[in-house]
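Below: one structure, written as structure tokens.
The values are calculated or read from the model by the stated rules, or taken from the named source; none is laboratory data. Remember, predicted model here, so these are calculated numbers, not experimental data. Cβ placement follows ideal geometry from the backbone for every residue including glycine, while neighbour counts extend to all protein chains displayed.
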Amino acid sequence: MFIAPAYAQAAGGAGAGNAFSAFIPIILIFVVFYFLLIRPQQKRMKDHQAMLNAVRRGDKVVTNGGIVGTVTKVLTDERELQVEIAENVRIRVKQDMLSSVVSKTDPVPANDDKDKD
């Protein structure tokens, strides 16, 4: 008649090789994302953490809010810094909220001891 018979079963079934080859592009995309996005971000976070742990008294720092000041005291128990932003104006900043260290200086000795004569 006018309708041709359908030979759907004549075509071979999907084999195991086709299933694996369908996942190859997804695997390649994941590998590209790992090397271009994930790995550099992890390295940047590791470098930032090392910078935060190396902050000491006398360093000039910039906070995430854009405040520039000099570290006058490092409070390791609370992970906070006391930063002098102007003469006799000191603020306490969480250590994790530093964006960068502008200049590193030699450690400044603490003035806790009284002058001994």
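The table for this structure:
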{"quantity": "Some residue of segment 47-54 being within 15 Å of S103 (Cα to Cα), without any contact (Cβ under 8 Å) to a residue 40 or more places away in the chain and touching a helix residue (DSSP H, G or I) at 6+ places or on another chain (Cβ under 8 Å)", "calculated": "no"}
{"quantity": "Residue check for K73: at pLDDT 95 or above and of a type outside the set (S, T, N, Q)", "calculated": "no"}
